[in-house]
1. Residue 18 - would you say it is surrounded by 15 or more Cβ atoms within 10 Å (Cβ to Cβ) and under 30 Å from residue 190 (Cα atoms)?
2. Return a yes/no flag: does the stretch 240-250 have any residue that is farther than 28 Å from residue 7 by Cβ, in a strand (DSSP E or B) and under 18 Å from the mean Cα position of the chain (by Cα).
3. What is the number of the single condition among (1) farther than 29 Å from residue 73 by Cα; (2) modelled with pLDDT of 85 or more that residue 97 does not meet?
4. So which of 229, 279 ends up being part of a helix (DSSP H, G or I) and more than 24 Å from residue 22 (Cα to Cα)?
5. Is the stretch 77-86 home to any residue that is at pLDDT below 90 and not small (Gly, Ala, Ser)?
6. With in contact (Cβ under 8 Å) with a residue 60 or more places away in the chain and in contact with a Lys or Arg (Cβ under 8 Å, 6 or more places away or on another chain) as the only criterion, which of 197, 154, 170, 230 stands out?
7. Tell me, please, whether a residue that is surrounded by 13 or more Cβ atoms within 10 Å (Cβ to Cβ), in contact with a Leu (Cβ under 6 Å, 6 or more places away or on another chain) and either more than 23 Å from residue 111 (Cα to Cα) or among the β-branched types (Val, Ile, Thr) (or both) can be found in the stretch 61-75.
8. Select from the stretch 189-217 the residues that are open to solvent by 10 Å² or more (accessible area, probe 1.4 Å), under 18 Å from the mean Cα position of the chain (by Cα) and under 27 Å from residue 90 (Cβ atoms) and list them in ascending order.
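The values are calculated or read from the model by the stated rules, or taken from the named source; none is laboratory data. This structure is a prediction, so every number in the text was calculated from the model and none was measured. Cβ: placed from backbone, ideal geometry, glycine included. Neighbour counts: every protein chain shown. Ligands, DNA and RNA are excluded from the accessible area calculation, which covers all protein heavy atoms including side chains. Shrake-Rupley method; radii C 1.70, N 1.55, O 1.52, S 1.80 Å.
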Amino acid sequence: MASVVLSEAEKVYVVHGIQEDLRVDGRGCEDYRCIEVETDVVSNTSGSARVKLGHTDILVGVKAEMGTPKLEKPDEGYLEFFVDCSANATPEFEGRGGEELGTEIANTLYRIFSNDSSIDLKSLCINPRDHCWILYVDVLLLECGGNLFDAISVAVKAALFNTRIPKVRVLEIEEGSREIELSDDPYDCIRLNVENVPCIITLSKIGCRHVVDATLQEEACSLASLLISVTSKGLLTCMKKLGKGSLDPESIFEMMETGKKVGKVLHASLQKILDKEESLGTTRQKVGFLG
């Protein structure tokens, strides 16, 4: 993961400020940086989104392809995640430098979406045991400015909200065989219900307090972080500890409560902006990569 080197004096400055609930950029301990969200930014995908969180820049594309259901779940579709850490994001990702981080992020996304309530995977089934929709979720890290997991989870939810899957029908033909018919209307599609898709909240322990949405400088002062996934209703679905340091039970409980509170606000703000953007329809001005 991208990192910065701070002197002892700089670390003391950051830590002492956080103890007074005043961070270097003026935020409080439970405040996020400004988040920019734009959907439908990649034309050859079923859904896409770009999220900028401070200096962290994430692009997510979702491609729906027809495939065969898994043997253990013959009446469900499924999601596949791939994370690409671009060398443009940080020199540390050159060569195969970003592979370990990409695998860690992908495994975390698999854990979050392994919860049956996250997405109705049965709605992705076309013909049990034979055909289903597979959603390939590709995540590209364009720039790293701290708090990668949170930004990626927001981008994935926004991209899934934007995803449109073609509507198909299964027709019975001669001798009991079946044929799949694709609708001629490009606007005849199904949308995913992302209400229960969780967002990741990363809480970094710095000194005696914890902060959300840590910058690279703050991450350099933190020995341990708690990563939790929270639904829009404040339900905690997954938890993971990052870093070499330890967390005492009281701190973990406090961080969980903070994460649930902050997560509900994040979900509400994200859904509001997604609904507003969609209401503009074709009249909205696309920013893309030139804005």
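1. no
2. yes
3. For residue 97, the exception is condition (2).
4. None of the others qualify; the one that does is 279.
5. Yes, the stretch 77-86 contains a residue that is at pLDDT below 90 and not small (Gly, Ala, Ser).
6. 197
7. yes
8. 202, 215
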